[in-house]
Amino acid sequence: MLSTNIQQMIKAQIVRELNNHDIYFTIASFFENNGLSGFAKFLTKQSQGEIDHATKFKNYLSDHQVEFTFAQTPVILENYNIPLDAFTIIYQLEQKTTQEIQIISQAAMQGGDYTTFTFLDWFRVEQVEEEKTIFDILDKIKNIGSDYGALLFLDQHLEN
Ligand SMILES: [Fe+2]
Ligand SMILES: [Fe+2]
């Protein structure tokens, strides 16, 4: 039996994971239309990962006979005109997600809900990977600066 608090936190996390999906998916479409198909492919794949995260949480609720009623996701689109902006936003989003997973983990631990705490192990490890992947690309983009040839090279690298 999941506490009402944990149920609500997990439901809110599902909405945030879906929101992350929407943001990545939208930015992917921007890159697609601006000749950076490698970035687009990478972010489309990343957006599918967010659906996987939401599904894991949704299944966990189902395992505890808790229903998730689909809520409209609050997409917040900011300025992502250039890869540097886009990946800065994405990196911040992943850092925020890590914090959110930590907060739910703390609540589970404090409430003596070790099942949920253990369930969240996967997400804590996943977030290390997510942050690292995005940080590495952001770092490359920063080093590239205004060198369009180098940007295209990175785009090609992300395509594969
Ligand atoms: Fe996620
Ligand atoms: Fe993510």
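Within segment 41-88, the set of residues being in contact with a Phe, Trp or Tyr (Cβ under 6 Å, 6 or more places away or on another chain) and at pLDDT below 95 comprises just one member, Ala86.
Any residue in segment 21-36 that is charged (D, E, K, R), modelled with pLDDT under 95, out of contact with any helix residue (DSSP H, G or I) (no Cβ under 7 Å at 6 or more places or on another chain) and closer than 21 Å to Glu130 by Cα?
Yes: one or more hits.
From the set of residues in segment 97-134 that are loosely packed, with under 15 Cβ neighbours inside 10 Å, in contact (Cβ under 8 Å) with a residue 40 or more places away in the chain and within 16 Å of ligand 1 (Cβ to nearest atom), which is farthest from the chain's Cα centre (by Cα)? So the residue we want is Ile103. Taking the criterion of being under 27 Å from Ser3 (Cα atoms) and not in a helix (DSSP H, G or I), the residues of segment 100-156 that qualify are Gly111, Gly112, Asp113, Leu120. I'd like to check something: does segment 29-36 contain any residue that is more than 22 Å from Arg124 (Cβ to Cβ) and in contact with an Asp or Glu (Cβ under 6 Å, 6 or more places away or on another chain)? Yes, that holds for at least one residue. Only one entry of Ile134, Ile144 meets the criterion of being more than 22 Å from Asp52 (Cα to Cα) and β-branched (Val, Ile, Thr), and that entry is Ile144.
The set of residues from segment 105-151 being closer than 18 Å to Asp85 by Cβ and of a type in the set (A, V, I, L, M, F, W, C) comprises Ile134, Phe135, Ile137, Leu138, Ile141, Ile144, Ala150, Leu151.
Restricting attention to segment 37-60 and to residues that are more than 16 Å from ligand 1 (Cβ to nearest atom) and not small (Gly, Ala, Ser), the residue that is farthest from Glu131 (Cα to Cα) turns out to be Lys41. All of (1) part of a loop (DSSP other than H, G, I, E, B); (2) surrounded by fewer than 16 Cβ atoms within 10 Å (Cβ to Cβ) hold for Val66 with one exception: (2).
Among the residues of segment 11-37, the ones that are more than 15 Å from the chain's Cα centre (by Cα) and buried (at least 19 other Cβ atoms within 10 Å of the Cβ) come to 2 in all. Taking segment 4-34, which residues are more than 12 Å from ligand 2 (Cβ to nearest atom), over 19 Å from Thr115 (Cα atoms) and in contact (Cβ under 8 Å) with a residue 40 or more places away in the chain? Once the filter is applied, which keeps residues that are more than 12 Å from ligand 2 (Cβ to nearest atom), over 19 Å from Thr115 (Cα atoms) and in contact (Cβ under 8 Å) with a residue 40 or more places away in the chain, segment 4-34 yields Val15, Asp22, Thr26, Ile27, Phe30, Phe31.
The values are calculated or read from the model by the stated rules, or taken from the named source; none is laboratory data. Not measured: the values here are computed from a predicted model. Please note: Cβ atoms are built from the backbone with ideal geometry, for glycine as well, and neighbour counts cover all protein chains shown.
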